[in-house]
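Enquirer: Here it is, the structure, as structure tokens.
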Amino acid sequence: MSSRSSLRSPLPLRVLRGVIIAAALVASLGPVLYGVLLTLRPASSVIREPLRLIPGPDEIDLSAYATAMLNESAGGFGLGRFVLNSLVVALCTVVLSILVSVLGAYAAARLRYAGRGVVNAIILAVYLFPGIVLSVPLFVLLARVGLTGSLAGLFLVYVASTVPVALYMMRNYFIALPISIEEAATVDGASLPRMLWNIILPVAIPGVVSTAIYTFMIAWNEYFYALLFLVQRREQWTAPLGIAQLSDFDVPVTVLLAGSITVTVPVIILFSVVQRFLIDGLTSGAEK
């Protein structure tokens, strides 16, 4: 018997493993597939036969997506504009949060100063505060500078909310990097900015990307602050607010499902593009 065949699991164990994986796929992907299939049928057909999965060839209808995405002037619910607003705010949040976090996390990981542990704990504690606790001071501050009801004000709120957790995550990645790399660069005469840009960041790219994805997801899915600051400015709404309006009783279920599925598309594309970096970032601490 070869060594490879001797290492194979027993047949019952392999069958059980396959059954568990199949059950997990059905439980996770089944509702999504069911929702996609429902959006291909007219609302009247879904109401009559909600449990029928496969739409007939003569009833395939994509109008639910158009109704959800088109502007109100075109008879839709404006979700396309809301998705664009969310995309702009989320991407700007990622750029500024990562820029600030990289510099702050490197200082927190490498600099030695009195009260270093307390400062790191405070950074994480700020993120753990419930959003409703910080909403009043944030609203007062933005009202005084005239940024309530604007995407710029919401962007600043998201940066303030995501920088603490991004700092904490990036700090752990920098701590995991061997200090010998920096010592060698210092011996070669590299300055701190050059060492950080040309040596540290290329090595820490998986950690930076995974932190950026997490920051993007926070800004993309955030609802409370968007409702607080933008509720009276419909043209500035983000995707979560747009999806919330589709949950009204008079909105067809196919439109609600179409809007929900459309909002997930940018996230799916993002994860597909940077999946390798995300996995490397999540495992880099263990490897080092």
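Enquirer: Name the residue from 54, 16, 33 whose Cα lies farthest towards the positive end of the charge dipole of segment 11-60, charges +1 on Cβ of Lys and Arg and -1 on Cβ of Asp and Glu.
Expert: My answer, from the dipole projection, is 16.
Enquirer: Considering the options 86, 114, 213, tell which one lies farthest towards the positive end of the dipole of segment 81-285, charges being +1 on Lys and Arg and -1 on Asp and Glu at the Cβ, about the Cα centre.
Expert: Of the candidates, 114 comes out farthest on the positive side.
Enquirer: For the chain, which DSSP H helices look membrane-span-like by this rule: Cα extent along the axis of 15 Å or more and mean Kyte-Doolittle of at least 0.5?
Expert: The qualifying helices are 11-39, 79-110, 116-128, 131-144, 151-176, 205-221, 253-273.
Enquirer: How far, in nm, would the chain grow between residue 95 and residue 53 when pulled straight, counting 0.36 nm per residue and subtracting the alpha carbon separation?
Expert: Contour length minus the Cα-Cα distance gives 10.9 nm.
Enquirer: If you build a Gaussian network model of the chain, linking Cα atoms that sit under 10 Å apart, which residue out of 165, 140, 15 swings the most?
Expert: 15
Enquirer: So what's Rg/Rh here for the chain, counting alpha carbon atoms and using the Kirkwood radius for Rh?
Expert: Radius of gyration over Kirkwood radius for the chain works out to 1.07.
Enquirer: Which percent of the accessible heavy-atom area of segment 81-285 goes to carbon and sulfur, probe 1.4 angstrom?
Expert: Carbon-and-sulfur percentage of accessible area, whole number: 73.
Enquirer: Size of the dipole of the chain about the Cα centre, Lys and Arg at +1 and Asp and Glu at -1 on the beta carbon, nothing else charged, in debye to 20?
Expert: It comes to approximately 800 debye.
Enquirer: Based on the Kirkwood radius over alpha-carbon pairs, what is the Stokes-Einstein translational diffusion coefficient of segment 115-234 at 4 °C with 1.567 mPa s viscosity, in µm²/s?
Expert: 78 µm²/s
Enquirer: So what's Rg/Rh here for segment 12-81, counting alpha carbon atoms and using the Kirkwood radius for Rh?
Expert: Taking Rh as the inverse mean 1/r over Cα pairs, Rg/Rh reads 1.20.
Enquirer: Search the structure for amide H atoms under 5 Å from the amide H of residue 76, placed 1.01 Å from N in the peptide plane, and list their residues when 5 or more places away or on another chain.
Expert: 71
Enquirer: Related question: Each label point is 7 Å from the Cα along the Cα-to-Cβ direction; what then is the distance between the points at residue 244 and residue 152, in nm?
Expert: 2.4 nm
Enquirer: Here's another thing I want to ask about it. Averaged per residue, what accessible surface does the chain expose to a 1.4 Å probe, in Å²?
Expert: With the other protein chains kept in place, the chain gives 57 Å² per residue.
Enquirer: Next question. Quick check: at a probe of 1.4 Å, how many percent of the accessible area of segment 11-60 sits on carbon and sulfur atoms?
Expert: Within segment 11-60, the accessible surface is 80 percent carbon and sulfur.
The values are calculated or read from the model by the stated rules, or taken from the named source; none is laboratory data. This one's a predicted model, so the numbers in the text were calculated from it and none came from an experiment. All Cβ positions, even for glycine, are placed from backbone atoms using ideal geometry, and neighbour counts span all protein chains on display. For the accessible areas, the whole protein counts, side chains as well, though only heavy atoms, and no ligand, DNA or RNA atoms are used. Shrake-Rupley method; radii C 1.70, N 1.55, O 1.52, S 1.80 Å.
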